[in-house]
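A short reminder: the numbers here are calculations on the coordinates, not readings from a lab. These numbers come from a predicted model, not from an experiment. Cβ: placed from backbone, ideal geometry, glycine included. Neighbour counts: every protein chain shown.
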Amino acid sequence: MLNQDMRDIIRRAKSNGWVLEPEAKRLLSLGEIPVPDFCWANTLPEALAAAEEVGYPVVAKIVSPAIVHKSEVNGVAVGLEDADALTDVFSGFSKLEGFAGVLIEPLISGIELIIGAKIDYQFGPIILIGIGGTGVEIYQDIALRMAPLSDSDVSSMVESLKGAKLLRGYRGAEPIHMPALIRLVHHFSVLVMDLADHIDTIDLNPVKCTGTTCVVVDARIMLAEAAIPIELI
Amino acid sequence: MDFTPLFHPKTIAVLGVSLTNDRHPANVIYNKIHLRYPVKVYPVNPRGGQFQRDRVYADIADIPAHIDLAVVAARAEFVPDILERCIKSGVGGAVIISGGFAESGRAELQERLVTLARTANFPFIGPNCLGIYAPTRFDTFFLPGERLVRPDPGPVAIVSQSGGVLVDQMVKFAEQGVGLSLAVSIGNKALIRELDMLDYLSKDPATRVIAFYVEGFDKNEGRRFVKAAASIPKPIIVLKSGKSIEGRRAASSHTASLAGDHKVFSSVLAQHGIVEADNEFEMVSFCEALSCYRQKVQGRVGIITVSGGHGVLVTDICAARGLAVPQLSNDTRQKIQESLSASVRGIASLENPVDLTGSARDDDFVAAANGLSRALEVDCVILLLLPYSPGISSDLGARLSYVFRRENKPLVAYVPHQEKYRMLIEGFELNNVPVSSSIDGAVLMVDALRRCRTC
C-alpha cells in the first residue's frame with residue numbers, strides 16, 4: 001500500500017509526467033529500497049554544506065523538470081574533490097533549462113546493474129534485471145518476469161544473465177551480496193505492484209552492487225499517460 | 001456458461017442454407033454433417049422449402065427437436081436477430097461463421113451479439129471463424145471434407161485465432177501422426193476467448209495437451225491467461241505471431257526499449273511453464289512429444305546413430321538448444337559393448353553419440369537403447385534411424401517402443417517420413433513414441449520435455 005508521503009510524491013510529479021530524481025529516491029527509500037544519502041540543494045551554500053556532510057569526493061546532478069536525460073546536457077558531475085570544483089559545477093548547472101537545484105550524494109562504486117519495471121499492456125507489471133553500464137542497450141543482457149516476484153524468481157533471473165559470472169566474482173573480484181540484491185528487488189516488486197496504476201516505466205540505472213550492499217544510484221520514474229485523476233491518488 | 005452443447009452436440013441447426021447456391025458455406029457445412037457425422041442436422045432458411053430432399057425450416061423454432069448447436073452462416077446484419085431467435089428457442093450455443101463484424105469496422109454490431117449472449121448466458125464462438133472440428137464427431141468448417149487433411153483422434157486440442165493457421169496445423173498434425181481431440185477457430189473471439197477455452201479444455205477428459213495460436217491478448221488478459229495456465233496440470237503450448245511488430249518504444253526509458261512486447265511475452269510464458277513454439281514446425285514437434293510423455297527431463301541426451309555425420313549434426317543442434325550430450329560411463333559402455341552382435345562389437349563407437357555403423361541390426365539398436373535407458377548419465381534418448389541401412393527392419397519401431405515401456409526413459413526417434421518407411425514409423429507412433437521427420441524435430445521434442453512445467 002502506498003502511504004501518504006508516497007502518494008504526495010506522485011501527485012507533485014503528475015503535471016511533469018515523471019518524477020524528479022530526488023523525489024524518486026525518496027519514494028524508493030519509503031519503499032525500503034536502498035539509495036545513497038543524498039541532499040537536494042537549491043543554493044550554493046546548501047550544496048557546499050551538503051558536500052561537507054557527505055564527504056568529498058561527491059557526485060552532483062542537475063535537478064530540472066525540463067531535463068530527463070541529465071548526462072546529455074552534461075548535468076552529471078562525478079568525483080568532485082573539493083568545494084572549488086563543486087562551486088564551478090553548481091554555477092554551470094544553474095544555467096541549465098528549468099534549474100531546480102542540485103542533488104549531492106557520495107560517490108558509490110560497485111558492479112552496475114539495471115533494474116526496471118514497465119506496465120505491459122497484455123501482462124501488467126513486468127520487472128527487468130540486467131547487466132548495467134553504458135552498454136546496456138547494446139548487450140541487452142536482461143531477464144524479464146511478471147511481477148510480483150518471488151525470491152527464487154530473482155535468483156533465477158540473475159542466473160540466466162550472460163553476465164552472471166561477473167556478479168559471482170569474476171577473476172578474483174569480490175562476488176556481489178546476493179541477499180542484498182534479492183531484498184532490493186523484492187521491495188521493488190512490492191512497490192511496482194502498488195504503483196501499477198500510476199506509472200509507465202521505472203529505470204533504476206545503475207544499481208551498484210558490492211560484496212556488502214546494493215544501492216540505487218539513479219532512478220527515473222515515468223508516469224502513466226492516462227493518469228488517474230489527481231484527487232484520487 | 002455450459003459449453004457442452006457447443007462441443008458435444010447431438011443436434012445441430014445450420015442457419016443460412018441456400019436453396020440456390022450449392023457452394024454456400026452453410027450448404028457445405030450442412031452436407032458434411034448430414035452425410036458423415038453421427039449427429040442429427042437441420043437446415044434453416046427464412047424462405048423455407050426443400051433443400052435436396054430435406055425440409056428447410058423457416059425458423060429455428062419450427063424444428064421439432066431440441067437444438068444443441070446452431071451454426072450461423074448468414075449475412076452479418078441478420079445475425080443479431082438470428083441469435084435472439086436461437087436464445088428464445090432454447091438452443092444450447094452457437095458458432096457464428098459469418099464475417100463482417102469488428103474485423104471490418106463494425107464493432108457495435110459485434111457488441112450487440114455479446115450483449116445478447118451475456119444476458120442469456122448463451123455461449124457462442126466467433127464471429128468470423130471456422131468454428132469447431134471434433135474428429136469423428138462433427139465439424140463446422142465450411143471447407144469441403146475432400147479438401148481437408150484429417151488428423152486422427154488423439155490427445156491434443158488446438159485453439160487458434162486464425163482459421164487458416166488452424167487448418168494448416170491440422171495438415172501438419174496428420175503428416176506427423178499427432179492426434180487431435182478438438183480444434184477450434186475462435187475468430188474475432190467476441191465472447192469465447194483463449195482463457196475460456198483454456199478453462200474448458202483443462203477439464204476435457206479427451207484432451208491431454210493444449211495448444212494455442214495467439215495473435216495478441218487484450219489489456220491484462222495475458223496476465224490472467226498465464227496465471228490460469230500455471231495452475232492447470234496439462235502441458236500448454238503457445239505459438240505467438242506478430243513478433244516483429246513492436247509496440248511504441250519510449251526513448252526516455254531503457255526498460256521500455258529493452259523489454260519489447262515479444263521479449264515480455266516469451267519471458268512471461270517461460271516464467272509460468274508454458275512452452276512457447278517459435279514457428280509451426282516447433283508447434284507440431286512440441287505437441288507430438290508432450291502428447292507421448294509426461295516425464296520431466298533436464299536435457300542430458302544419449303544418442304544412437306548409424307552414421308557419424310548424423311551423430312555430429314544432432315550433437316550440434318543439442319548444443320545450440322542448451323541440451324547436454326554427456327560422456328558415457330565405463331560401466332554403460334561396457335554393458336552396451338557386451339550386448340552388441342559380434343559383427344558390430346568391434347567397429348561400433350561407444351562414445352556419445354553411440355555410432356552402431358551401417359552394419360547394425362535391429363538387435364544392436366535394442367541393445368544400445370537398453371543400455372542408454374539404464375544409464376544414469378542420460379535422461380532421454382534420441383534414435384537416428386536411417387531405414388536405408390540394410391540391417392534395419394520394419395519391426396524396429398515397435399521393438400524400440402517396448403524399451404520405453406520397460407525402462408520408462410523417454411525415447412525420441414528420427415525417421416525420414418517416406419511412404420516406404422511407413423511401417424517403421426507407425427511402429428513408433430502407435431506405441432506412443434514420438435518420431436520426427438527431421439533431426440531438428442527430434443531435438444525439439446526433447447526440448448519440449450525440458451521446458452514443460454507439468455512434465
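General remarks:
- Within the shell defined by Cβ-Cβ distances under 15 Å, the residues around B:Ser373 carry a net charge of +3, with Lys and Arg each +1 and Asp and Glu each -1.
- Counting every C-alpha pair in the range B:99-187, the share spaced more than 22 angstrom apart comes to 34%.
- Taking the DSSP bridge list for the range B:1-127 and keeping only pairs wholly inside it, about 10 percent are antiparallel.
- Beta bridges per DSSP, both residues in chain B: antiparallel share near 15 percent.
- Karplus-derived 3J(HN,Hα), 6.51/-1.76/1.60, for each residue of the range B:338-347, Hz, glycine and proline x: 5, 9, 6, 5, 4, 6, 9, 3, x, 10
- Within the protein assembly as shown, A:Cys39, B:Cys86, B:Cys129, B:Cys287, B:Cys292, B:Cys318, B:Cys380 have no other Cys Cβ under 4.7 Å of their Cβ and so lack a disulfide-compatible partner by this rule.
- Efficiency of FRET from Cβ geometry, B:Lys10 and B:Lys296, R₀ 60 Å, rounded to 0.05: 0.90
- Normalised Debye scattering of the protein assembly as shown at q = 0.09, 0.10 Å⁻¹ gives log10 I(q)/I(0) of -0.91, -1.01, counting only Cα atoms as equal scatterers and leaving out solvent.
- In the calculated pair-distance distribution of the range B:1-153, the portion above 19 angstrom amounts to 49 percent of the Cα-Cα pairs.
- Cα-based Rg / Dmax (Å) for the range B:149-292: 15.4, 53
- Reachable lysines, given that their alpha-carbon falls under 29 Å from the alpha-carbon of A:Lys95 and they are not under 8 places away in the same chain: A:Lys14, A:Lys25, A:Lys61, A:Lys70
- For the protein assembly as shown, the antiparallel share of DSSP beta bridges with both residues in that region comes to about 50%.
- Over 22 Å between alpha carbons, listed pairs B:Lys189/B:Lys227; B:Lys219/B:Lys240; B:Lys172/B:Lys203; A:Lys165/A:Lys208; B:Lys10/B:Lys88; B:Lys219/B:Lys243: B:Lys172/B:Lys203
- Debye-formula intensities of the range B:1-67, expressed as log10 I(q)/I(0) at q = 0.23, 0.27 Å⁻¹, are -1.00, -1.27 (one equal scatterer per alpha-carbon, no solvent).
- In degrees, nearest ten, helix B:261-271 long axis to first principal axis of chain B (Cα): 60
- Membrane-span-like helices in chain A, defined purely by DSSP H runs whose alpha carbon atoms cover 18 Å or more axially and whose average Kyte-Doolittle hydropathy reaches 0.0, are A:178-195.
- Directionally averaged shadow of the range A:71-162, computed from the convex hull of its alpha-carbon atoms, nm²: 8.7
- For chain B, the alpha-carbon coordinates run over 82, 64, 31 Å along the three principal axes, in decreasing order.
- Unit Cα scatterers, Debye sum, the range B:316-455: log10 I(q)/I(0) for q = 0.22 Å⁻¹: -1.57
- Around A:Asn205: net Lys/Arg minus Asp/Glu count, Cβ-Cβ under 11 Å: -2
- Here is how the number arises for chain B: DSSP H runs of 4 or more residues each give -39500 (n - 2.57), the sum is divided by the residue count, and the result at 222 nm is -11500 deg cm²/dmol.
- For the range A:11-132, the spread of Cα coordinates along the three principal axes comes to 52, 33, 26 Å, biggest extent given first.
- Shielding by other protein chains, A:142-150, mean Cβ within 10 Å: 4
- Compactness of the range A:39-106 - radius of gyration and Dmax, Cα, Å: 10.6, 29
- Note on chain A: Kirkwood hydrodynamic radius from all Cα pairs is 18.3 Å, rounded to one decimal.
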